[in-house]
Each structure stands twice: as structure tokens, then as C-alpha cells.
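Enquirer: Sharing a structure here in C-alpha cells format.
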Amino acid sequence: MSFDRSIKIAPSILSADFANFGAEIRAIEAQGADWVHVDVMDGHFVPNLTFGPPAVKAFRPHVKTVMDVHLMIAPVDPYIDAYAEAGADILTAHVEAGPHTHRTLQAIRAAGMKAGVALNPGTPAEAVEHLLDLTDLVCVMTVNPGFGGQKFLDMTAKIRALRAMIGDRPIHIEIDGGVDPVTAPFVTAAGADVLVAGSAVFRGGSVDNPAAYGENIRTIRDSAQSIGKVA
Ligand code: DX5
Ligand code: ZN
């Protein structure tokens, strides 16, 4: 994976048909998704459960772009090798998931993956300041993690603070939660380059009507690129 700050749309398969993940992944990629965002929830760190390493491994052959795995689980460390084995390209852990995020990020990189760190809405940018040299991606949650389809929370001040803190380092800023054509330009103007979108990508489409996914992805991307217009 090479680094660049172009805008990337990462559909979250949390909004896909859970009985048809392979076809859904192929459909969103064919319709222009840059990355595939995979939300892992444990019913403990967040009040919802999705899937674990065997399912993520089953997704892998369908993902031709980048498999971006967002862990909403605690603890993280016992499962890092399982997600490496499952084929995650990026593995993101929450800074709130345990006391030793520094160790977790080292272990993710040591297992051969890019290391991401996610921040809940109530967690300040400074929580990752001393982790940045171990980090390939900072995920700013713009909803409380656990469910798709929630209302966007304005975290633009936090995104700007992170962008300044990151400087020239090759670290992505990813936004997760409530991203749609209305909210996207605000987060890209603040410095984000990766936009996760679940409901805004999957709404109105299906594997039998994948053109709607393409239209949704294009609309988010066009809106996100219209940065100057909203500043
Ligand atoms: C929320 C997940 C998100 C979610 C986003 O806990 O981490 O990735 O799928 O869904 P939307 O775009 O519908 O807010
Ligand atoms: Zn997510």
C-alpha cells in the first residue's frame, strides 16, 4: 500500500447484506470504492456484535483494494495475530480499548499490518500525540461506535488539531460515522482523507442494483472534493 492524501471512500460493510458479503464487496469495489471498511464489534467494548477472524478471512479473497479492519473490541492484543492471518491490510484499535495502546500499535506493525488508532467522540486529539510515530492511520469517530446510521457529530476541531499534529508524516486521517454528501466536505476541509460511509453508500442499492452504490460513492466523493465551497 503506497501513501497518498487523495480522498478515499471506504464503504462500511456493516450496512451490507450480511447473507451476501462476498457479492456485496465485489459490487462496491466495481462501483468505485477505494477501500473496504470492516467493522468488528464484540458486544463488550461496544453494545453490538458483528463478526470475528474467520469471517474476516472469508472476506479477504473478495477484497482487491485495501481491507481496512476497525476493531471495536477489548482487549485487542490477543487477537492481533488472528487478524493478520485473516489478511487485514490495516488494523485499527481504539485508544480507549486498553491501557497499552503503544504496545498494541507496535504489535500490529510487527504482525505485518498498517497500524490504526481510533478515537471515540469524547477522546481528545492529544490522546494519540505520543503514538503518532507508531501509527499509519488515525480514525476519528463522528458517532459513538456500535451502530450504522447514526447522526454525524461535528469533530472538525479535533480533525484540524490532528492534521496540524501530523504535519508531513505519512498518516491517514479517517472519519467514521454519519459521513454523507452533506457532512463529507466539512471533514475533508478540516484535513481528513479517508471517508468511511455505511448507510450513505448502501442506501437504495443491492447486488442486483449496484449502480446505486456507484452513484452514492460518486456523490460523496464529488461533495468531499468541493472543499473550498464550504470553508
Ligand atoms: C460505527 C462503525 C461505522 C459505521 C458507519 O460504529 O464503526 O463504520 O458502519 O456507518 P454510517 O456511515 O451509517 O454512520
Ligand atoms: Zn468503523
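The values are calculated or read from the model by the stated rules, or taken from the named source; none is laboratory data. Just so it is clear, the structure is predicted and the values come from calculations on it, not from any experiment. Every residue, glycine among them, receives a Cβ derived from its backbone with ideal geometry; neighbour counts consider all protein chains shown. When the accessible area is computed, the model is the full protein with side chains, heavy atoms only, and any ligands, DNA or RNA have been set aside. Shrake-Rupley method; radii C 1.70, N 1.55, O 1.52, S 1.80 Å.
Enquirer: Given segment 96-187, what strands (runs of 3 or more DSSP E) lie entirely inside it while holding 3 or more residues that are touching a strand residue (DSSP E or B) at 6+ places or on another chain (Cβ under 8 Å) and away from ligand 1 (no atom under 15 Å from the Cβ)?
Expert: Details: elements: 114-119, 137-141, 172-176.
The strands (runs of 3 or more DSSP E) meeting that bar number zero.
Enquirer: Also: Which residue, of L119, L131, is within 30 Å of I80 (Cα to Cα), away from ligand 2 (no atom under 16 Å from the Cβ), free of Cβ contacts under 8 Å to residues at least 60 places away in the same chain and of a type outside the set (D, E, K, R)?
Expert: Details: L119 fails: away from ligand 2 (no atom under 16 Å from the Cβ).
Among L119, L131, only L131 is within 30 Å of I80 (Cα to Cα), away from ligand 2 (no atom under 16 Å from the Cβ), free of Cβ contacts under 8 Å to residues at least 60 places away in the same chain and of a type outside the set (D, E, K, R).
Enquirer: Further question: When you scan segment 42-54, do you find a residue that is away from ligand 1 (no atom under 16 Å from the Cβ) and either surrounded by 16 or more Cβ atoms within 10 Å (Cβ to Cβ) or outside any loop (DSSP other than H, G, I, E, B) (or both), even just one?
Expert: yes
Enquirer: Report whether or not G116 is open to solvent by 30 Å² or more (accessible area, probe 1.4 Å) and within 25 Å of N48 (Cα to Cα).
Expert: Judged against the criteria, G116 is not a match.
Enquirer: Hey, does segment 204-219 have a residue that's open to solvent by 40 Å² or more (accessible area, probe 1.4 Å), closer than 23 Å to T50 by Cα and without any contact (Cβ under 8 Å) to a residue 24 or more places away in the chain?
Expert: Within segment 204-219, one or more residues are open to solvent by 40 Å² or more (accessible area, probe 1.4 Å), closer than 23 Å to T50 by Cα and without any contact (Cβ under 8 Å) to a residue 24 or more places away in the chain.
Enquirer: So in segment 4-36, with the set limited to residues that are of a type in the set (S, T, Y) and open to solvent by 10 Å² or more (accessible area, probe 1.4 Å), which one is nearest to D222 (Cα to Cα)?
Expert: Initially, segment 4-36 is screened for residues of a type in the set (S, T, Y), giving 6, 12, 15.
Keeping just the survivors that are open to solvent by 10 Å² or more (accessible area, probe 1.4 Å) gives 6, 15.
Values: S6: 12, S15: 21 Å.
If we take residues in segment 4-36 being of a type in the set (S, T, Y) and open to solvent by 10 Å² or more (accessible area, probe 1.4 Å), then S6 is nearest to D222 (Cα to Cα).
Enquirer: Condition check: within 16 Å of ligand 2 (Cβ to nearest atom), part of a helix (DSSP H, G or I) and modelled with pLDDT of 95 or more. Does V201 satisfy that?
Expert: Details: within 16 Å of ligand 2 (Cβ to nearest atom): yes; part of a helix (DSSP H, G or I): yes; modelled with pLDDT of 95 or more: yes.
Considered against the rule, which asks whether it is within 16 Å of ligand 2 (Cβ to nearest atom), part of a helix (DSSP H, G or I) and modelled with pLDDT of 95 or more, V201 comes out as yes.
Enquirer: Another question, then. Could we say that L153 is in contact with a Pro (Cβ under 7 Å, 6 or more places away or on another chain) and farther than 27 Å from D77 by Cβ here?
Expert: Taking the combined requirement at face value, the residue satisfies it.
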